[in-house]
Each structure stands twice: as structure tokens, then as C-alpha cells.
Amino acid sequence: MAERCAVIGVGQTHHKSRRDDVSIAGLVREAAQRALADAGVTWSDIDAVVLGKAPDMFEGVMMPELYLAPALGAVGKPIFRVHTAGSVGGSTALVAAHLITAGIHRRVLTVAFEKQSDSDAMWALSVPQPFSAPLLAGAGGYFAPHIRAYMRRSGAPRDTGMLVAVKDRLQALKNPYAHLHIPDISLQMVEESVMLWDPLHYLEACPSSDGAAAMVLGTEAAAAEAQAATGKRPAWVQGMAMRSEPTMFAGRDQVNPQAGRDCAKDVYAQAGIENPREDLDCAEVYVPFSWYEPMWLENLGFCAEGDGWKLTQEGATALDGGDIPWNCSGGVLSSNPIGASGMLRFLEVALQVRGEAGEHQVDGVRRALGQAYGGGSQFFAMWVLGTEKP
Amino acid sequence: MSDTATETEGGERGPVTHLATPIRLEYNFTAGIAQSRYLRGLAEGKFIGQRCPVCHKVYVPARGSCPTDGVATTDEVVLSNSGTVTTYCIVNVPFAGQTIEIPYICAQVLLDGANLSFMGLIQEIPTDEVRMGMRVEAVWVPDDELGPTLASVKYFRPNGEPDADYETYKEYL
Amino acid sequence: MSPPTPRQGHRPVAVVSFAQADNLRREGARNEVEMLLPVIGEVFANVGITKDDVGFICSGSTDYLVGGPFSFVTALDAVGVWPPRSESHVEMDAAWALYEAWVRLQEDDIDAALVYGFGKSSLGNLGEIFALQLDPYVMAPLWPDPVSLAALQARALLDSGRTTEQELAEIAARNRRRALTNPNAQVAGEFDVAELLAEDYVVSPLRRHTLPPITDGACAIVLAVGGRAYELAERPAWITGIDHRVETHAIGARDLTHSPSTRKAGEIAGALDGGIDIAELHAPFASQEVVVRDALSLGDNVDVNPSGGVLAANPIMSAGLARIGEAASRILDGTAGRALAHATSGPLLQQNLVAVLERG
């Protein structure tokens, strides 16, 4: 690394099923302006913009970075567009961070969004293709069979997923930006919700949201200036990695993909983490369907393979009383602007490390993991942020 | 194209909040050489896969390359009409373009002789009786309706054999 | 032998291998994976390495060419990303994928990267598809097609007195004549300028010869750092400068006869320092070559588009990367010492990338 990189400002929109009050440009500006203000900088202090979102068909705008360039203050500057499926919010942040660590720029604005209400995301995911059977019924239809395989493999009790669904929605009540606020959420409510993709209930699945996330990343000098201007401390990037594997191949472990394990190993090695459950203080992990909490607990090495559900059942991942709280913001289960969902994970750990998470703050966070995944559990992006410089 | 402006009580025009732009684009898909072989196989009532010359795994439908070795797959393999349900879900969500009555079983089917499962519809069994490891067979449309299309396979149904042992298919999950 | 000192970054990065598919009006039987497979094979074979020798992979493509989401995902099957790889994708021309890889190579944990781009323009109607690249509220609903937009730009340029219809025909004829020596070109030949000028307008003032062909294509590049580049190539094409800039999307707010984003990127990349032997410009319409050439102050002594440029073959999403590949090829084969490559994205040259490549 030529330079250290820190998160010096964060901003997000309120996530809702429809943001009729703003255009796409208005939505991304809302997040971006909050991030600039949080960093104590203005548009002219930004050297480059890195934008991420999931498939263009979600809004019906091809390569929207072109249309959004002026709204994001990018005229005369570099603007860059990342698309790595559901992991895109995370990989977008990593592309931006590399522009800092490579010594190319001083301050980079990174933004991710989805305005799903502008089109029909379910339709966009299920565009009739002549060579594949129209069976999927959205992402849930893809992931539910792998969840069933996990249940069979681990012997996890059937209520494990429902516990996650309740926990994350309770935590969302402490996050004013979260899309779903369900004050009376309960196991019974989840169990009584429609079984959409058996074994997944409706309330075990993520919502469909409009929303955007933004961060200002900076060099050590930029971090010092931001801290002097705002009094807020930077969150230092201690490790970052991405990994991909093919969608389909013989012998592929779709429950516990090697790309995720390798990515975690890489990011932990960079950050000097030997035991993630002990060495990390919290994590924001892409859990769009409840059962992915126990599955990713294993994939990310927070426990032995087959034991993820035990941590969930014990309450280890709860903000209230858990030793390793996961998704204190409410996670993807509570807000899902697809292209931004990964960046929200990365952003939320920045809030935790900076001590800025408000009601859903974990006490004394020194290091935290942000994870995003996409495609058929094949694209992974992760970073570890900390209070200490790497 | 239409727009809607909300009328406020005082008769003032509020902000435009919707603008509908219908988009219709037509494409000529390319199946590709390997998938064309697969589709032509379907027209003959059989599943044709391809073997990777490096790892010797059999892919069906073949997509022309081995996804792990990055080399062209060329050797053709005709696969069995029977296979094993490795895992499944029961779809109970309506969506645009849906042609099958819900709830239905969407399964991963591992054909005998193949090293990759694919997605298939399971019928002729109540949804609550389907199981991981269940043995199934393809049901084809009548011969005179066969064509180079996925519609040649109506669905899969139990073939009456005892369930496969978990150990035999667990590496395909 | 040592690499020239780069203007940006602190690790010298070079193009060591370039491969491309035949540029075809319609690729026909092969799908994107099958089109890419031999290209990836060749780009590695050129330098005697495999996928196991690159620490990063980045690609560029767009879903709207193929008409389905996640088109880049299956394309990965042409590489074989197993065991899992550090890999990323841009929904931009693959020239920007090369930029991402160049940035990634500035960090010393890796020393080589694979970059590729692909697209089959023959599958859909480009006139309609590219309307969706415009402002979704005030432009896209009018469905402006790219040729009509380019005609607005060409008209402004003609009216400014900086070019003539005669010159546009000469540009088209020159590019396609140069393409005669490019075995991968799609449109090549000797054309009589007077005959070209006798053609009817497609959209006034643009005649058919000023338009790019519709092309299915793909290409790939291997980048390597420092000593590793010398192990792989006798004459690596060192990227001594690379930058990209964007302009406003509002066409009415731009002076369409100038390309300030190209000029700024060129300044930062060192393209305006002179000494450029050859330049490969991503100017899909003949009139745009005038604009880009002016923006980069390229004089008559610079050999522009020895490959025939995108008037000879315009594989959307890989055409910009192919410019870098073609420029690098002139360094790799020893015929040029300093080469410039330009890539563009968006309506009427809205976004531009400039790279300067040099011999060691």
C-alpha cells in the first residue's frame, strides 16, 4: 500500500419501498451530500466518484453513471461504474479504496443505489430467456434450495431462520434509516407469514427498497483534516479483499462457498485477525434471507462448520447481550436497495468503528467486518475497519 | 407516456411524481454451439451433455466451456432420463410471466452420469411429499411435439426407485 | 532495460499481450462465452502463462446488449475462475476495466492481471438500446437514436468551419484503407472519396460511410508490472500515463465541437507532451475523430488509427480496450516508441479515457 485509507464521511437515505419524492439523481445526491457534510468537505474537495449498482434493468437506465455524472459533482472528474451483482455495493467501496491506497487520489466519493420502484426488479431478474426454465420466481427461488441443503447438512432447528428474522427486525427499530420498522415483530408473526419459497417464510426474506448509500474515503492527510473539521474520528481500512467463483460447476459447495472462505481468510490476514469471533467487535453481513446468518457465520469462520445455528440460537449475534452482534442496523432483512445493500454493510461498520451508530451502537467497537455477496453466492467483497491505523 | 401531477386542495399543481416510459426491446438470442447441441438433443427426446477434457466432469446442459478449467468442452455424452433431487423449494409466490400453478416444486435434479444438477419442475406428487434424494424421471411431451426447446420436457416425476443415499449426492449441494 | 518512469502511480505497469476475436457483423453460432474462450486462451498463450499467473481479473460489458441481467457472470466461464480469484467487473467499456486493473497493480501483492471485454451488438436494435443511456426523465422517453445525436454534433462541427463533408469522407476512406492490413477488421478497402460523397445522407449531414459498422467482438489484455513484464515480453508497452474524465450529460449544455474531458485526461496522462508516433482513437463517427484529434492536439505527423479504428470495427464494450491493445501492439512489435490510446463512453463523447504507452 502506498497510502493508508480511511472512511471519513458516511451518508445514507431513508430506505423505503417507494421514494416518489426524488428522482434517481435526487436519491443519490441525498446520500452523497450527507456523506460530504459528515466529512466536512464540499463537492470541490472530491477527486473522483465511484458508483455502483446492480443490473441496469432495475431502473431501465443503461449505464446510469453517465446521466448521474453532473448530479454527483463529477463533471471534469473521473467517474467509474462497478457492477458485480449483489456484492456490488461492497466491491464499489473497494474499488474506491484502492484509488486511495494506490496513491492516485486524496478523496474519493463512493455511492451505490437502487431505485427499484422505478421498474419491476422481480421482472428484471426473471426476464424470459429462451434457454432457461421460468421456474425461479425471484432470488428466493434460487436460494431456498441451498437453505434446505444447509438445514439437512447441519441439522439446525427449523426456527433458526425465524430467530434471525425477528432479531434483525428488532435491531432495525433502533435504526431510523431502516425500511422495515415492525414494532410488534415476533416469532409467531414470522411463522404465520406466507410460506413463499418453502422453507422460507415471507418475513424471512428481505424487502424491496429504494435507497442510496455514500462514503467519502480519504488518505491519512485527508483523514486528519476531516477529523479537525468535524471532530469525528476516521475508520481505517485494515484489510480488504474480493473473490469470485463460477456459478455452476461440478462439486461446487453452494452452502459454504470457497470464494467466501478464501476472501475472509485474505481479509483477516491483512487485518491480523486470528479468531474473528473474539477479535472483531461486530459485523454487518449480507443476509437477504434469514438462514444466511448461520450459513455465513460458518463461511466467515466465526465458528466451526455446522455450528452457525448454535450461535444464532444462543443469541450470540444479538445487539442485546450477544458477544458478536451481527447486523445491528437491521441488515438487508430490514432495508434492501439491492445495489446499495452491500455498501450499507460497509458503511454501517464505519459508523460502528467511529462510534456514530446512535441507538444501534455496540459499545467500544475497535474492529468490525463488512461483507457483501452476490450472484449465486459466488461474488464476495469484504473489508475490516478499525479505530487504529493499519 | 403519461404523467400524473397531484392536484392540491387549492387547485395548485403539485410536483410530477410519475412518468411512465414503456420499454420494449427485442433480441435475437444466441444459444451457442454447445447449448444448440443440447437443444437439438431435447428435440430427439434425450439429454446431451459434454465432458471437460481436463477434469473429465460431465456438464449438462453444456455451455461450451468448463467453468473451472476455462477450456472448451467437446466430447458429447448422452445422459440418463433419470436422476436425483438434490434439493428443492416449494414456490408459492405469484410473478409476472408465471405459467405454472402455485404451489409447485422447483428442484435441483442431478441426472445419472452428470456432475452438475439443473433446475427442474417436479409434478405428479403432492408438494409435501417431495424429498431430498428422491429419484425422478423426465416426462417428455409427445414425440410429435418435441422440439429444440426446454418445453420438450414437461416435468420430472418420481420414478418409483428408493431414495438415493445422502452420501451419493451431498457433494452436489 | 528498465521501464520509463510513470507520470502516475509508483509501480510501472505494461501491456504484455493483446488478443482479439474476429470482428464480425454477426458472430452467428457462438455465444459470448464461446466467442471469448479462444481470445482468453490466446492472450495467455502469447506470453506463455495461464489463469493461475494473474492476481486480478477485470472485465467490461453491458447487460443491455444481450438483453438479460448479469451477462458478465456466465462470461467468467471462459476464464475458469477456480480456485476462486480476485475479480471485478465494470458496466463500462473494458478500457475502464483496464484502468481498474492498473490501479489494483499499484499495490505490491500482485504482479499481473487479465482484462477483457465483450459484446454482441447484433442481438438487439442499437438505435433503441442506446436511447436508454440518456436521462430517463427528459431524454430517453423521446427515444433519440445515436446516429441522430451524432448528426447534431457533426452539424455543429461543420457549421463551426472546422471540418467539411469532404474531410469526413477522407477520414472514413483513410481508416478503412488502413484496415486492409488488419486481419481482424470488419470493414476494409479502398474507397473513392468522390463516390462516398455521392451517397445519400442517413441523417443529414452524416452519410453511411461516416458511421461505424455494427460489430460482434471481444478482446483481452494481460498487464504486468516491472520485472515481471520483461519476463513476459521483449518490448513491454509501458503505461506511463492514464486518466479518464466525464462531462455533463446535458447535451444542450455542452459545446459538442470540443472535448474538454479528452483534453484534460490527455494532459494528465502526458499525451500533450509531444513525441506521439501513433494514436488509436475511439471515435465511432468520422466527425468525432476531428473532435478527439483536436482535443489531443494531434498533428499530421501522428499516424492515427493504423488498425483502421472503430470505423473499421466497432465491438461495443471492447472497442475502447481494443484501442489500447492496438496501440500497445505497435510498441510490442517495435514499430512505435510512444503511442496514445483513447476510449470513449456515453452519448457524443461524454466520457473519455486517454492512455500513453511507451517503450522501455
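The values are calculated or read from the model by the stated rules, or taken from the named source; none is laboratory data. Computed from a predicted structure; not experimentally measured. All Cβ positions, glycine included, derive from the backbone under ideal geometry; neighbour counts span all protein chains shown. For accessibility, only protein heavy atoms count, side chains too; no ligands or nucleic acids. Shrake-Rupley method; radii C 1.70, N 1.55, O 1.52, S 1.80 Å.
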Here the residues within the range C:304-325 that are closer than 12 Å to C:Cys219 by Cα and not in a loop (DSSP other than H, G, I, E, B) are C:Pro315, C:Ala319, C:Gly320, C:Leu321, C:Ala322, C:Arg323, C:Ile324, C:Gly325
Strands (runs of 3 or more DSSP E) contained entirely in the range B:104-173, each with at least 3 residues that are within 13 Å of chain A (Cβ to nearest Cβ) and open to solvent by less than 50 Å² (accessible area, probe 1.4 Å):
B:104-111, B:118-122, B:153-158
Can you name every residue in the range B:35-62 that is open to solvent by less than 20 Å² (accessible area, probe 1.4 Å) and more than 17 Å from the chain's Cα centre (by Cα)?
B:Gln50, B:Cys52, B:Val58
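Against the definition (facing another protein chain (nearest Cβ under 10 Å), open to solvent by 60 Å² or more (accessible area, probe 1.4 Å) and touching a helix residue (DSSP H, G or I) at 6+ places or on another chain (Cβ under 7 Å)), how does B:Pro67 come out, yes or no? Give the derivation first.
Details: facing another protein chain (nearest Cβ under 10 Å): yes; open to solvent by 60 Å² or more (accessible area, probe 1.4 Å): no; touching a helix residue (DSSP H, G or I) at 6+ places or on another chain (Cβ under 7 Å): yes.
When the stated conditions are applied, B:Pro67 does not pass them.
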Kindly establish whether A:Glu59 is closer than 23 Å to C:Phe72 by Cβ and either among the charged types (D, E, K, R) or open to solvent by 10 Å² or more (accessible area, probe 1.4 Å) (or both).
yes
Residue count, the range A:118-145 (criterion: more than 7 Å from chain B (Cβ to nearest Cβ) and modelled with pLDDT of 85 or more):
2
Within the range B:71-91, the count of residues that are within 14 Å of chain A (Cβ to nearest Cβ) and closer than 23 Å to B:Val54 by Cα comes to 4
Tell me which residues, restricted to the range C:214-261, are surrounded by 24 or more Cβ atoms within 10 Å (Cβ to Cβ), hydroxyl-bearing (Ser, Thr, Tyr) and part of a helix (DSSP H, G or I).
C:Ser261
Kindly establish whether C:Met35 is assigned to a loop (DSSP other than H, G, I, E, B), more than 21 Å from A:Gly376 (Cβ to Cβ), under 19 Å from the mean Cα position of the chain (by Cα) and not small (Gly, Ala, Ser).
no
Can you pull out every residue in the range C:191-227 that is of a type outside the set (Ser, Thr, Tyr), closer than 30 Å to C:Thr50 by Cα and touching a helix residue (DSSP H, G or I) at 6+ places or on another chain (Cβ under 9 Å)?
C:Asp216, C:Gly217, C:Ala218, C:Cys219, C:Ala220, C:Ile221, C:Val222, C:Leu223, C:Ala224
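Could you grab me the full set of residues in the range C:88-109 that are farther than 20 Å from C:Glu42 by Cβ and either part of a helix (DSSP H, G or I) or within 14 Å of chain B (Cβ to nearest Cβ) (or both)?
Pass one, the range C:88-109, residues farther than 20 Å from C:Glu42 by Cβ: C:88-93, C:96, C:99-100, C:102-109.
Within the range C:88-109, C:Trp96, C:Tyr99, C:Glu100, C:Trp102, C:Val103, C:Arg104 meet the criteria.
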In the range A:215-250, anything modelled with pLDDT under 95 and of a type in the set (Phe, Trp, Tyr) is listed as A:Phe249
Scanning the range A:218-265 residue by residue, the ones that are assigned to a helix (DSSP H, G or I) and polar (S, T, N, Q) total 3
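Can you tell me which residue in the range A:41-69 is nearest to the other protein chains (Cβ to nearest Cβ), limited to those that are within 24 Å of A:Ser341 (Cβ to Cβ) and β-branched (Val, Ile, Thr)?
Here is the first cut: in the range A:41-69, the ones within 24 Å of A:Ser341 (Cβ to Cβ) are A:46, A:48-69.
After this cut, where a residue has to be β-branched (Val, Ile, Thr) as well, the list is A:46, A:49-50, A:61.
On the way: A:Ile46: 13, A:Val49: 9, A:Val50: 10, A:Val61: 5 Å.
For the range A:41-69, the residue satisfying everything is A:Val61.
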Any chance you could count how many residues in the range A:70-97 are at the interface with chain C (Cβ under 8 Å from one of its Cβ atoms) and surrounded by fewer than 24 Cβ atoms within 10 Å (Cβ to Cβ)?
4
Of the residues in the range C:40-84, those that are open to solvent by 30 Å² or more (accessible area, probe 1.4 Å), among the aromatic types (Phe, Trp, Tyr) and either within 10 Å of chain B (Cβ to nearest Cβ) or touching a helix residue (DSSP H, G or I) at 6+ places or on another chain (Cβ under 6 Å) (or both) come to C:Trp82
